[in-house]
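Here the structure is laid out as structure tokens; the discussion comes afterwards.
No value in this document is a laboratory result; all are computed from the given coordinates. Predicted model only: the values in this text are computed from it and were never measured. Note that each Cβ is placed from the backbone with ideal geometry, even for glycine, and that neighbours are counted across all protein chains shown.
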Amino acid sequence: MRINQIYDTSWLKRTFSGFLLLIVLLGLLPRFALAADIGSVVINEIAWAGTQDSSNDEWIEIYNTTDNMIDLSNWQLIDDGTVAFVFPQGSQIAPKSYQLIEDKESVTDIPSDYIYNMSLANAGDTLQLSNASSQIIDTVNMSGKAWYAGSSTTYATMERINPYLGDFKENFASAVSGNGAKGSLGNNILGTPKSQNSVFKLEEEQNKFNQIKAVFENSNWNAGDIVELKVNAENINKLFVYGIGLIYDSSILEFQGAFKGSFLSAGNENATSFQSGLRGGEEGNLLIAEAKLDQMKNGIDGSGNLFTVQFKALSDIQTNTAIIFASDSFAATPNNDLSITFENALYEPEIILNPVNNLTTQIGDDRYQIKLSWNKLSVNNVQYQIERLGADGNWYVIGISDDNYFIDKDGVNKGGNIIPDLTYSYRVAVKKGEDLSAYQEVQGMDFRGIKGDNTRSDLVDGRDLEKLALHFGENFESGNFEALIDTTYDGLINGSDLIDLGSNFAKKY
């Protein structure tokens, strides 16, 4: 029989803690340099064009992104696949600090940390930083094409925007200012050797990186159609493996197959293992995973297609639907999970709205009203947009109705002020969201009342003439224009309106 015994070791902890405190106070505890992960030290700035003083005065800055001292002993800087520089034994870089590799000591007036006879091509080089075990820690410009940024005209350096993100064009920019450092002849350097980059951005730029987005390739689905879903990496950093769950409506879509993209395998079909299948064999929940299979355990930076999924549409889809990333979806570097933003795919079918039919007008229940009516559609979540032709010849929205009628009367914005025996033109469209059907037009009139009675007293008299005279010569753009006086509905109060008033003067309704 095993007996568990409990020993009081608190005295030992107290004794050791006191001893440790003593050697720290005496400065006897060494600062240990730790091993490094991918991205722990980055190539942060490159003066590939040299400086204004000499195009041969090239330099490279590295930066420790971590909170730890890192041992650089026997690390290698690799230029176009060839080891160009080996860091001396005992080399270290302090936390959150910069070090400078120069072509020669006189390249800048800032003391260098390392010197080697570098020669960077203006057309572009590939640069890699590897540790003593030949593990790639950081890369720059691995396409081997033109440098992402920098200038051989202004001699601006190429600076990393966010040192915590990887090797892709959007994360580099040309220096926009210097830090006071001078070149070999004393001229200012357009760059920031051994200090924070002039284009440095962190939080706001980080929002643009490490995204995985799903997007439908088809705009409209009909029954039997093959629907393609693309899942893409957007500005991702050191992607090595991903596992993604996709949730979809199995009454709308049926899984047909999944096909890996070129991003993670970088064109080599044998570089990764790609797996897909329905979770538990049930439609509606799809699992997809892919991992690189290289001994160096290097991740991939940049943007590209991860995979494509094909579904079959089970019916004509008239409503919105989405494919959603499952909560256990992840993407990771060889060392840790990435902080990823997943963007779901939303399908919004193009809406084809039928116009209204049986659009008619009649007089309203009260005078100075015109009532429009139409057959109400059986489609859900639609409204009806009513417009009236203005005196200036333009159409104006005078109302939105949820029902099958609308009454134009006093108080209606851009409408109302109905003049008897005057024909008004209207048009109505079915509205769903921002989409409108074709318009149907109709005309309407209210014959009740007397044209020229702009005071609405049921008698055309001197007060109506007074009102016309006070506004004579005004048009619809005038601030105090009164539509009731414009009996000819031409946007102008003039002699034509005076004729209408005169022909009806002294008439009573």
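Below is a table of values for the structure above.
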| read-out | value |
| --- | --- |
| Calculated over the stretch 211-347: convex hull of Cα atoms, volume per residue (Å³) | 103 |
| Fewest-first ranking of ILE407, ILE46, using other Cβ atoms within 10 Å as the exposure measure | ILE407, ILE46 |
| Mean separation of Cα contacts under 8 Å, 6 or more apart, over the residue count of the chain: relative contact order % | 9 |
| Point-to-point label distance, ILE226-ASP316, nm (Cα→Cβ direction, 7 Å offset) | 2.3 |
| Exposure rule at most 12 other beta-carbon atoms within 10 Å, DSSP loop GluC sites (Glu not before Pro): the chain longest free segment | 1-216 |
| Global geometry of the stretch 462-503, whether rounded, prolate or oblate, following the gyration tensor of its Cα atoms and the 1.5 cut on a/c | oblate |
| Helix-derived mean residue ellipticity, 222 nm - over the chain, DSSP H n ≥ 4, -39500 (n - 2.57), to 500 | -2000 deg cm²/dmol |
| Residue-wise HN-Hα coupling along the stretch 246-255, computed from phi with Karplus coefficients 6.51, -1.76, 1.60 (Hz; x: Gly, Pro) | 10, 10, 9, 7, 6, 7, 10, 10, 10, 5 |
| All-pairs Cα distance distribution in the chain, expressed in whole percent, bin size 10 Å | 3, 14, 15, 12, 11, 11, 11, 10, 7, 4, 1, 0, 0 |
| Label-point separation in nm, SER273 to SER425, each point 7 Å along Cα→Cβ | 7.2 |
| Relative packing of peptides 326-339, 361-374 - highest average C-beta neighbours within 10 Å first | 361-374, 326-339 |
| Under Karplus coefficients 6.51, -1.76 and 1.60, residue-wise ³J(HN,Hα) of the stretch 95-112 in Hz, glycine/proline x | x, 6, 10, 10, 9, 10, 10, 10, 5, 7, 4, 7, 4, 10, 8, 9, x, 7 |
| The stretch 234-242 - phi-based ³J(HN,Hα) in whole Hz, Karplus 6.51/-1.76/1.60, Gly and Pro as x | 10, 6, 8, 10, 6, 5, 10, 7, 9 |
| Estimated dipole of the chain in Debye, rounded to 20 [Cβ of Lys and Arg +1, of Asp and Glu -1, Cα centre] | 1200 |
| Relative contact order (%) - criterion: Cα under 8 Å, at least six apart; region: the stretch 430-483 | 16 |
